[in-house]
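Coordinate-derived values only; no laboratory data. Only a predicted model underlies this, so the values are computations on that prediction, with no experimental measurement involved. Here the Cβ positions follow ideal geometry from the backbone for every residue, glycine too, while neighbour counts run over all protein chains shown.
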Amino acid sequence: LESPITRLANCSRRRSYLVTPPSILYSKLHAQVMNAAILIALFGLQAFAENNVQPQAVGYILMQSRLRGTKSTVPSPKEEEEIITSQKEVAAKKELFVGKQYSDDDETCSAEGITPGICALASLAKPAIEPETREEADCDAKESRERLERALIAEIESALSGSHSGFDSARLLELEQELRPTYATLPHENGTSGGLGLAPARYLLHQHFLRQHSWYVRGLDPAGDGRRPPNEKEALRSRVAGHLLEVLESKVGKNGLDLKMLAVFVATLEHLLQGDQHERLKQAWAVHGLRPEEAADAGVLSSVLEVFMAHHVYVSTKAESGYAFTLETAKREVKTIAKIYSGWPQIQDFIAQAVKPRGSRWTFEDATKAADGVLLQFNEVSGAMCRDMEQDFSKLPGGSLGRISLEDMRGGAGDLFRESNEYLRELGALDESLPGEPYVFLPNYMLGPSNCDGTTSFYDLCCPNECEAHKSHLERVLASAAPKTGISGLLAAAAEERMSSPLPQAARTQLERLANAGLELHGRDFAYWLHYIFPRQCPMPRESDFKDGSMVPDAKKDFQATSE
């Protein structure tokens, strides 16, 4: 077997890893080797990644603000020392097993029922031995990008042919129905005869995941991503949605993306995200000495789910690898997060509820269902805490109108509100129209990155966007309207239904003016109108999100200014 250096010097050779997928891992590696270096992988960098990586202090937590009750947490010196020790052990294990490589043939993944995209993404999540020269790094980067691109093309082609193993035609039809109302209200290529161009398509897909899951999917957010990846491997993984969309667009050319293509995108991305999630669970299962075909008792399953959730909520652990290396390391990580993350007891309660109903033996398939349930509970509680926080802010003077003085926010919100003025200004949440009397737009603040939970490689779980529920209702009304029906009258009646009160005359007059000028439901002027009638739910639009007179939000940048 060639050494990593020899392999990296020849980009045309097949990529190889320190440890293979599970089927070969269990048959070829001794148990001590498995415990010391499970699924350690070599992967590449990306030109995009090199310029967009966020430096991060050891152990610094930048997420879980609501369940933790604070915006950021820095471990104590002792806890930080434990984290550094753990990272040094990881580095030592990487060096120890240099050269013990096995091929990562995609055929192996296929034999295990793992589709190419999931296989490629999982390989990127595994920790790498750093290349020693720039030439090696470039070679590895090229190899990683090409493998991911081939895998995504394979996923798309199997979906378009109707042969994808992760979803069927019924799911695609269901997604087409979900997307149709928004699709009908967006600008199309070639008038109404074509599909959607790249910017409207990206916006529609962003809206879909935002409405369905409160996810801000990286590469789809029109405002740019809310955080920079902590390292190069996360940067490459985080671009999967944007790259998948580019693959689809390249297939349709100037005709634009139609409903079927957009449904294929959603189904494929859902499949990839869930598959990657299950691969992380598989690693938590493996560090407990379990093969995929073996069963666990309730106590072991609880430990598996704790390791899995620790990597879901703990940025520093995930940034290092996305995987636990040994059971000892995994338990140390769980112990660390239990000390510094006040929401951990709730997660333990979710795990206990998931494990309790069943008997004494759990298969890996049972474990995936339990993990899915724990994540769903976590998401629901996160959303409920958002609503509780918004209710608390609304009790402050001006809160019922969604506009609170900065002084009252600083004095009345306690530890939950401590973002800088610069952050609020970049977010579009700071109203400085009155000299010396700054105000905060509540919906802009609530929907900002600092209030997001559950950060993954692919998305941030953020506060539910109540404004999107209003917009979705308006879209359905327009989609079901008869041709040549007065738009302003329909929208006014629909808005009054949502408000449970008459529409102010000024708002009605402005709506008629917008309709006469050719109303764009997702444009800047209508966003101002929505903010006027729903000031607590709909954010004040930012001029920077509507570049060059675009009819949909499109800041034309990879990252928001708040991510700096």
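Using label points projected 7 Å from each Cα along Cα→Cβ, tell me how many nm separate A295 and K556, to one decimal.
6.1 nm
Give me the distance between the Cα centres of the stretch 287-303 and the stretch 151-216, rounded to whole Å.
Centre-to-centre (Cα) distance: 38 Å.
Label the stretch 234-301 by shape, choosing from rounded, prolate and oblate, from the square roots a ≥ b ≥ c of the eigenvalues of the Cα gyration tensor; if a/c is under 1.5 it is rounded, and otherwise prolate applies when a/b is larger than b/c, oblate when it is not. Please list the in-between numbers first.
Working: a/c = 4.90, a/b = 2.91, b/c = 1.68.
Prolate is the answer for the stretch 234-301, as a/c is 1.5 or above and a/b outweighs b/c.
Between A469 and H243, 0.36 nm times their residue separation minus their Cα-Cα distance comes to what? Please list the in-between numbers first.
Working: separation 226, 0.36 × 226 = 81.36 nm, distance 2.83 nm.
Gain in length upon complete extension: 78.5 nm.
If Lys and Arg each add +1 and Asp and Glu each add -1, what is the summed charge of the other residues whose beta carbon sits under 13 Å from the beta carbon of E174? List each step's numbers first, then the result.
Numbers: positive: R171, R180, K260; negative: D168, E176, E178, E270.
Result for the neighbourhood of E174: -1.
Just to check I understand the Karplus step: with θ = phi - 60° and J = 6.51 cos²θ - 1.76 cosθ + 1.60, what whole-Hz values come out for the stretch 264-277, glycine and proline as x?
Calculated HN-Hα couplings, in order: 4, 4, 4, 4, 5, 5, 4, 4, 5, 5, 5, x, 5, 4 Hz.
Could you tell me the calculated FRET efficiency between Y532 and S500, based on Cβ-Cβ distance and R0 = 22 angstrom, to the nearest 0.05?
So the FRET efficiency works out to roughly 0.85.
For the stretch 333-441, count all C-alpha to C-alpha pairs, find those more than 25 Å apart, and express that count as a whole percent of the total. Don't jump to the answer; show the numbers that get you there.
On the way: 2684 of 5886 pairs.
It works out to 46 percent of all Cα pairs.
Can you tell me how much longer the chain between S193 and K335 gets when fully stretched, taken as 0.36 nm per residue apart minus their C-alpha distance, in nm with one decimal? Please report the intermediate quantities before stating the final value.
Numbers: separation 142, 0.36 × 142 = 51.12 nm, distance 5.80 nm.
Full extension from S193 to K335 adds 45.3 nm.
Multiply the residue separation of E407 and A517 by 0.36 nm, subtract the distance between their alpha-carbon atoms, and state the gained length in nm to one decimal. Show your work: numbers first, answer last.
Working: separation 110, 0.36 × 110 = 39.60 nm, distance 3.97 nm.
Result: 35.6 nm gained on full extension.
Report the calculated FRET efficiency for S544 and D349 (r = Cβ-Cβ distance, R0 = 51 Å), to the nearest 0.05. Let's see the in-between values first.
On the way: r = 42 Å, r/R0 = 0.82.
With a Förster radius of 51 Å, E is 0.75.
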